[in-house]
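Written below as structure tokens is the structure these notes are about.
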Amino acid sequence: MKNLILLLLSCFVLQATAQSTLTDKQWQDDLKFLQETVHNEYSFLFKKTTAEEFDNAVNELFNAIPNLEQHEIVIGLARLVSSFKYGHTVLGFRYQPYAFHQLPINLYQYNDGIYIQGIHKDYEKALGAKVIAVAGVPIDEAMKAIYPVVPSENDQFFKSYGVMYLTSPEVLHAQGVIKELSDRVELTLEKNGKIFKQSFKALSVGERVPTQYSLVQQDGDWLDMRDQSEIPFYLKYLNKIYYYEYLPDRKTVYVRHSQIQDDPEENTPAFYDRVFEFIENNDVERLVIDVRLNGGGNNYKNKDVITRIIRSEKINQPGKLFVIIGRRTFSACQNLINELDSYTNTIFVGEPSSENINFYGDNRRVELPNSKIPAYLSFAWWQDKPQWEGGSWTSPHIAVDMSSEDYKLNRDPVLEAALSFSDDDFILDPMSHFTKLFLAGEIETLKNDAAKIIKDPNYRFFDFEDQFNQAGYNLLGSGQQQEAIFVFQLVTEFFPNSANAWSSLAEGFFKAGQKDKAIEFYNKTLSMDPDGNTGKNASEMLKKIVEEQD
């Protein structure tokens with residue numbers, strides 16, 4: 001499977017070609033071509049959006065085209081392709097002659113905000129500053145405005161790549177962040193306790209910010225906010241796809257593996273043979289594999305990693321094998337962590353992945369006939385897990401992320417969490433634990449453990465509400481109505497402010513024939529979400545119950 005993150009990163013590469021002008025009809029014909037192609041050949045992509053929603057957006061753009069500038073039309077097309085919310089499905093800005101610009105900065109979202117991680121030396125005073133606003137628009141509102149343009153597989157994908165779109169004046173204008181298109185954008189920044197404004201001039205045609213794995217590496221005209229006196233393990237030897245290092249004081253072998261490809265100097269099987277030979281012949285107690293920068297590649301290379309781990313009795317044990325994941329863990333690397341989760345005793349540390357657990361991957365290039373802009377539309381469904389184990393991402397067992405200060409000072413709290421892990425009572429699979437307690441009839445223990453774990457920050461990326469809800473619907477689907485109601489009641493206890501939780505409980509009672517209870521909880525749902533989809537469903541169900549009673 002090809003690594004398509006490079007496609008996203010190159011979206012704003014500027015073309016030296018002069019802009020060509022198309023008529024409104026030519027743009028509208030391109031739009032209709034895209035619509036027809038999607039319906040005729042890629043209708044399976046209608047999972048996170050509906051055909052009706054897509055067609056309504058097409059019609060809206062079609063009617064708006066005569067009043068739009070060309071870059072606004074292109075962004076309109078990008079919004080359509082991104083509405084499928086699969087990271088491999090994206091409009092290829094790079095290959096069209098309608099030049100998009102990029103500001104001379106690289107942004108990164110840490111747990112304390114969005115910062116200028118890298119910058120051109122001409123703007124050095126802004127290096128390491130926190131972004132407060134874009135053209136006077138608060139940063140949270142600006143991010144919300146550009147969200148529809150980004151093919152966000154999940155929130156982690158947007159966290160990783162959304163900031164790139166924030167540096168394009170064309171995107172900012174098309175999405176209403178800046179009022180007039182200009183090659184200059186003013187940011188409101190905060191640094192050393194002081195707030196100031198800085199105007200940035202976009203790079204020239206053909207230029208872009210030089211990044212490697214989403215980060216600017218300090219070199220020549222480009223500066224990095226990180227202290228350059230040392231290099232953390234995960235940023236060492238970035239010219240290599242993988243490398244390993246022995247940490248004798250922690251009796252740990254650390255591996256950074258940043259693409260699912262063979263390194264030109266040593267193929268994947270040979271590298272991992274060498275790693276495990278070292279492990280077997282030395283005083284090693286744990287292995288840490290760091291794939292937080294890994295955007296994918298060829299997932300057929302994963303077998304060479306998995307089989308060697310499975311064969312190692314020394315490492316493939318609980319508490320011995322740690323895998324660091326994060327917001328760039330995507331594509332073929334999602335396949336890798338799916339397999340690690342299924343077949344090894346891995347403890348995941350860090351942030352969630354930026355790919356769905358089961359996902360649409362490989363894409364085909366579909367060129368729009370007039371503008372020649374390519375839309376890359378996914379066609380391959382990768383399902384490593386049963387559908388009931390699917391999800392928006394792989395959650396870490398131990399949730400750790402990084403602050404701007406951690407990055408500046410070369411601290412790596414994620415690796416440190418893996419190296420210092422020693423909790424013998426740590427529950428790797430909370431839902432499996434809860435299921436065992438449920439089946440054993442240990443209800444009070446289940447409630448107590450669930451209440452504790454749900455509040456534990458180590459598990460903050462687990463969507464417990466959704467997983468409990470799925471468990472309830474699995475019971476409901478198998479005819480175990482009272483058991484399902486019990487689970488749905490638990491969800492309302494743990495998440496009392498969730499309209500969806502009360503809606504599920506109402507449905508449980510409805511399926512069990514207890515319509516009075518169903519009415520009570522559908523009314524509660526409607527009162528909590530009068531204008532949302534959950535409230536709309538509750539209203540429809542109330543009408544249905546009344547009709548059945550009549």
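Since every read-out is calculated from the coordinates, none of them should be taken as a lab result. As the structure is a prediction and not an experimental result, all values here were calculated from the model. Positions of Cβ are backbone-derived with ideal geometry, glycine not excepted, and every protein chain shown enters the neighbour counts.
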Bins of 5 Å from zero: percent of alpha-carbon pairs in segment 405-485: 3, 12, 18, 21, 15, 10, 8, 6, 4, 2, 1, 0
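What does the charge count around H39 come to, taking other residues whose C-beta lies under 14 Å from its C-beta (Lys +1, Arg +1, Asp -1, Glu -1)?
-4
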Above-threshold pairs, the threshold being 18 Å between Cα atoms, out of K125/K194; K48/K85; K85/K385; K517/K543: K85/K385
Cα convex hull of segment 309-460 - mean projected area over all directions, nm²: 13.3
222 nm mean residue ellipticity, helices alone, for the chain (DSSP H n ≥ 4; -39,500 (n - 2.57); rounded to 500): -12000 deg cm²/dmol
Packing-based exposure ordering (other Cβ within 10 Å, fewest first) of F322, F196, F438: F196, F438, F322
Pairwise centroid distance, computed over Cα atoms, of segment 270-315 with segment 487-523, Å: 46
Segment 304-386: antiparallel DSSP beta bridges as a percent of all, rounded to 5: 65
At 1.306 mPa s and 10 °C, Stokes D of segment 463-549 from Kirkwood alpha-carbon radius, µm² per second: 126
Diffusion constant of segment 105-224 at 25 °C, which comes from Stokes-Einstein with the Kirkwood Cα-pair radius and 0.890 mPa s, µm²/s: 169
Structure-derived Cα extents along the principal axes in Å: which label, when the choices are (1) 81, 69, 63; (2) 63, 60, 49; (3) 72, 69, 49: (3)
Cα-Cα pairs of segment 18-95 separated by more than 15 Å (percent): 55
Relative contact order (%) - criterion: Cα under 8 Å, at least six apart; region: the chain: 13
